[in-house]
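Visitor: After the structure tokens below, expect a handful of questions from me.
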Amino acid sequence: MLAAFKSLRKPYIDASFRMRGRILVRIVERPGMWMSDDEQRALIADLRYVVSQLGKGDLEYGVVSGDPERLKSAVITLLYEEGQSRPFAFNALPVLDCVLRGRETPVYHFGLGVIDPNHRGSGYSFMLYIFTILLLFARNQLRPIWVSNVTQVPAVYGLCCEFLDNLYPNPATGQRRTFTHLCLASEIMDKHRAAFGVGPEAWFDADRFVICNSYTGGSDNLKKSYAESTHHRKPVYNAACQRELDYVRGDDFLQLGQLNLSLFLKSVLRMVPDGSLIAFLTRGIFLGAQSVVLPFLHWLDVHRPLGELRPHLPRSK
């Protein structure tokens, strides 16, 4: 795991490490910017291999489509069993370039996640989704980042609800929809729906944040019934999906939330024994970073906007 954080010093993340004993994780950031053509073809072949294990046909959107431009704006996480040359799961996380309050604001989309049916129900969602987002958050100098998700699967829907702050929609907290949520959602639906396989026929219900008739833009073979979908351990998320989504037509929730330092701390503490000295020291380090170190470092970084205190980048000479 240490190799993953060492890779943050490089222009693009390319890290491999072991988790849970025999599971190997590889994370590659924007491979279309630095991989050779042969390496890109091999990577796409691995992704298509995992899709083939679903037994539902091909997918024709995102990085799986073979479009080299998609590889230039994607962060890909692959899971391997030790000793195996082919992955059994992957997540392709596209970076959606949006504008919020006149400023460029990247939104990290949870993206296309595919797991071989023989490996489902083993808790791999954290490795595929959360750990990658944590690395990107660290790359962003621990500044809050926006994260989006499009899903009809209750387990993934609930995962976002429990992991992200300021998330809408979230039936467990009753989070209200803000103007910021609405602005980002409108921009994502206008400019980036192709990134998650939603065709022009789909329409967006802004009151419920539901994309109706969602499976028409290359993601057709991912459409599931409610019974086929993996359910969450908490009934509140299952009930929300069953109540709000039309599974016959093919609907998805569009979720928007943020990852901040407090949530980052909670996620890191999940990796260490509760009540241990390491957990105590970790809390102390994060409290110091949040209150003193990070504000000072962010103030010194003149190349990044600092809200109302430094809203604009310095003019180039």
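Visitor: What residues qualify as long-range amide H neighbours of THR173, i.e. H under 5 Å apart, gap of 5 or more or another chain, H built at 1.01 Å from N?
Guide: none
Visitor: Apply the Karplus curve 6.51 cos²θ - 1.76 cosθ + 1.60, θ = phi - 60°, to the phi angles in the range 194-207 and return the couplings in whole Hz, x for Gly and Pro.
Guide: Result, ordered by residue: 5, 5, 10, x, 9, x, x, 6, 6, 10, 10, 8, 6, 6 Hz.
Visitor: Could you go through the range 57-65 in sequence order and give the Karplus-derived ³J(HN,Hα) for each residue, using 6.51 cos²θ - 1.76 cosθ + 1.60 with θ = phi - 60°, rounded to whole Hz, and x for Gly and Pro?
Guide: These are the phi-based 3J(HN,Hα) values: x, 8, 10, 10, 8, x, 5, 5, 5 Hz.
Visitor: If we sort 246-252, 130-136, 226-232 on the protection proxy, mean other Cβ atoms within 10 Å, highest first, what's the order?
Guide: Result, highest mean first: 130-136, 246-252, 226-232.
Visitor: Of the GluC sites (Glu not before Pro) in the range 29-121, which ones lie in a loop per DSSP and count no more than 10 other C-beta atoms within 10 Å?
Guide: Counting only loop positions with at most 10 other Cβ atoms within 10 Å, the GluC sites (Glu not before Pro) in the range 29-121 are GLU82.
Visitor: Sort the range 30-177 into rounded, prolate or oblate with this rule: let a ≥ b ≥ c be the square roots of the eigenvalues of the Cα gyration tensor; rounded if a/c is under 1.5, and if a/c is not under 1.5, prolate when a/b is larger than b/c, oblate otherwise.
Guide: Verdict is oblate for the range 30-177.
Visitor: Name the residues whose placed amide hydrogens come within less than 5 Å of the amide hydrogen of LEU254, ignoring near sequence neighbours (fewer than 5 apart) on the same chain.
Guide: So LEU254 has HN proximity to VAL210, ILE211.
Visitor: Determine the shape class of the range 2-271: with a ≥ b ≥ c the square roots of the Cα gyration tensor eigenvalues, call it rounded for a/c under 1.5, and otherwise prolate if a/b is greater than b/c, oblate otherwise.
Guide: Rounded, since a/c falls under 1.5.
Visitor: Scale the Cα Rg of the range 106-246 by the rule-of-thumb value 2.2 N^0.38 Å and send over the ratio, two decimals.
Guide: Dividing the Cα radius of gyration by 2.2 N^0.38 Å gives 1.03.
Visitor: Using θ = phi - 60° and the Karplus curve 6.51 cos²θ - 1.76 cosθ + 1.60, what whole-Hz ³J(HN,Hα) does each residue of the range 70-85 get, with Gly and Pro shown as x?
Guide: Per residue, the Karplus-derived 3J(HN,Hα) values read 5, 6, 7, 10, 10, 10, 10, 10, 10, 10, 10, 7, 4, x, 9, 8 Hz.
Just so you know, all these numbers are worked out from the coordinates, no wet-lab data involved. Remember, predicted model here, so these are calculated numbers, not experimental data. Glycine gets a Cβ as well: all are built from the backbone with ideal geometry, and neighbour counts include every protein chain shown.
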